[in-house]
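Asker: Have a look at this one before I ask anything.
Each reported figure results from applying straightforward, stated rules to the coordinates on display, with no laboratory input. Not measured: the values here are computed from a predicted model. So basically every Cβ, Gly included, is an ideal-geometry build from the backbone, and we count neighbours across all protein chains shown.
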Amino acid sequence: MSGNTELNNIKLVGDLVRQYAPELSFTMCEIGARQIAGQQEPFYALLELFPESKLIGFEVDAESCKELNKTAPPYICYYPTAIGGLNGEQTLYETLGPECSSLYKPNDALLNKYNALEQVAVKAEHKLLVSTLDSFIEENNIGSIDFIKIDIQGAELDAFKGGVNALKDTVFIVSEVEFIPLYENQPLFGDVCKFLSSEGLMFHKFLGLAGRSIKPVILQNNINFGTQHMWSDAVYIKDIEKLNKVPPDSLLKLALLATLYGSPDVTYHCFELYDELKKTNLLQDFINKVVN
């Protein structure tokens, strides 16, 4: 399905769900919230459809964070906080491309072999305070987190390890993952999958694949074209074998996020389970009003 189709569907499904759960709201977390001009993440649509929802964003660059808060509506708040695996001081490797900065040092020996990765070169090193997600949530009385979008250049697994309490209620994650070590000693896709699986979240799918080709070869007249897959956004959902233990509202949240990210089969399954728990006709309404 196209992005426009999914956004149209989420409005239909959102209107339907509100008939069954009018007080439903989301608490969402965006770790690495730097904005790309002209682009907005799909999950922002849920903030408009469910007005009591809120988004907590983290962006380590204080100036970027300040600018984000200037134009943010009241249900979105950005914090200049680095999220990691432990509370304390760590080194931030600031890169030429600020979107590539990381708590892990870039792996120059590997990066230099590929086209168009110059933006990952280190520009400066800074010491900064890092907080775990669980500590931040507790200190700021955030409550349970339904959805996490995370892109922190190889440090995603550390953030998850520092957020095991948060993960208990999380039904949907979109996480950047790497397949080769773009940063020194960084965890890779398999490491993230293994840990999240142990926390009851299963790998669902990739949202595209990205990479580069080895220098000096340029393919398809595009320096960014890659034969080597390097990174992707990976989707993780609550383990479908354990959904019978998930609260009804969490089933609805998973269903809506699945609609938004193009997995209507997951939506169908969640509505089916919801009907079994609540003795409702949500699935049939979904079939009649959205599918047909």
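Asker: Divide by every residue of the chain the summed helix terms, -39500 (n - 2.57) for each DSSP H run of at least 4, and state the resulting mean residue ellipticity at 222 nm, rounded to the nearest 500 deg cm²/dmol. Don't skip to the answer; put the middle values down first.
Answerer: On the way: 11 runs with 98 residues, N = 292.
That comes out to -9500 deg cm²/dmol.
Asker: Another one. Identify which of PRO73, PRO106, PRO187 has the largest mean-square fluctuation in a Gaussian network model of the chain, with springs joining Cα atoms closer than 10 Å.
Answerer: Largest GNM mean-square fluctuation: PRO73.
Asker: Please work out the FRET efficiency for the pair ALA210 and LEU96, using the Cβ-Cβ distance as r and a Förster radius of 22 Å; give the result to the nearest 0.05. The partial results should precede the final answer.
Answerer: Working: r = 18 Å, r/R0 = 0.84.
My answer for the efficiency is 0.75.
Asker: Still on this structure, I have one more. List the lysines whose Cα lies under 25 Å from the Cα of LYS70, skipping any in the same chain that are fewer than 8 positions away.
Answerer: Straight-distance partners of LYS70: LYS54, LYS149.
Asker: If you don't mind, another one. Can you list the residues of the stretch 108-130 with backbone N under 17 Å from a point 7 Å past the Cα of GLN228, pointing along Cα to Cβ?
Answerer: Only 108-122 pass the distance filter.
Asker: Cβ under 14 Å from GLU138's Cβ, GLU138 left aside: what net charge do those residues give with Lys, Arg +1 and Asp, Glu -1? All intermediate terms of the calculation are to be shown ahead of the outcome.
Answerer: Details: positive: LYS168; negative: ASP134, GLU139, ASP169.
Here the charged neighbours net out to -2.
Asker: Nearest 10 degrees is fine. How inclined is helix 264-278 to the longest principal axis of the chain, computing both from alpha carbons?
Answerer: For helix 264-278, the angle is close to 40 degrees.
Asker: Could I ask something else about it? Angle check, please: helix 189-198 long axis (alpha carbons) against the longest principal axis of the chain (alpha carbons), in degrees 0 to 90, nearest 10.
Answerer: Taking Cα atoms only, the helix is inclined about 40 degrees.
Asker: Here's something else I'd like to know. At a Förster radius of 30 Å, what calculated FRET efficiency corresponds to the Cβ-Cβ distance of ALA124 and SER198, to the nearest 0.05?
Answerer: Details: r = 36 Å, r/R0 = 1.21.
That pair, ALA124 with SER198, gives E of 0.25.
Asker: Going by Cα centres, the stretch 166-237 and the stretch 48-92 are how many Å apart?
Answerer: Spelled out, the Cα-based centre of one part sits 23 Å from the other.
Asker: If each residue's Cβ is checked for other Cβ atoms within 10 Å, how do CYS270, CYS100, CYS77 rank with the fewest at the top?
Answerer: CYS77, CYS100, CYS270
Asker: Then there is this: Against the longest alpha carbon principal axis of the chain, how many degrees, from 0 to 90 and to the nearest 10, is the axis of helix 248-260 turned?
Answerer: Once rounded, one gets 60 degrees.
Asker: Taking a 27 Å limit on the Cα-Cα distance, which of the listed pairs LYS194/LYS289; LYS105/LYS215; LYS253/LYS279 fall beyond it?
Answerer: Values: LYS194/LYS289 38 Å; LYS105/LYS215 22 Å; LYS253/LYS279 18 Å.
Correct reply: LYS194/LYS289.
Asker: Taking the chain as a Gaussian network, Cα atoms linked when under 10 Å apart, which of LEU273, LEU257, LEU133 shows the biggest mean-square fluctuation?
Answerer: LEU273
Asker: Based on the alpha-carbon gyration tensor of the chain and its eigenvalue square roots a ≥ b ≥ c, which shape applies: rounded if a/c is under 1.5, prolate if not and a/b is larger than b/c, or oblate? Numbers along the way, then the final one.
Answerer: Values: a/c = 1.89, a/b = 1.53, b/c = 1.23.
Prolate is the answer for the chain, as a/c is 1.5 or above and a/b outweighs b/c.
Asker: Right, here's the next one. Treating only the Cβ atoms of Lys and Arg (+1) and Asp and Glu (-1) as charged, compute the dipole magnitude of the stretch 3-291 about its Cα centre; round to the nearest 20 debye.
Answerer: Working: 24 positive and 39 negative charges, 83 e Å.
Around 400 debye, computed over the stretch 3-291.
Asker: Which FRET efficiency value, to the nearest 0.05, do you get for SER64 and LEU86 by plugging their Cβ-Cβ distance into 1/(1 + (r/R0)^6) with R0 = 22 Å? If you can, show how the numbers build up before the last one.
Answerer: Values: r = 24 Å, r/R0 = 1.09.
Efficiency at R0 = 22 Å is approximately 0.40.
Asker: Label the stretch 62-141 by shape, choosing from rounded, prolate and oblate, from the square roots a ≥ b ≥ c of the eigenvalues of the Cα gyration tensor; if a/c is under 1.5 it is rounded, and otherwise prolate applies when a/b is larger than b/c, oblate when it is not. If you can, show how the numbers build up before the last one.
Answerer: Working: a/c = 2.78, a/b = 1.62, b/c = 1.72.
It is oblate, given that a/c is not under 1.5 and a/b is not larger than b/c.
Asker: Place the peptides 9-15, 232-238 in order of packing, highest mean first, counting for every residue the other Cβ atoms within 10 Å and averaging per peptide.
Answerer: Values: 9-15: 17.4, 232-238: 22.0.
Descending packing order for the listed peptides: 232-238, 9-15.
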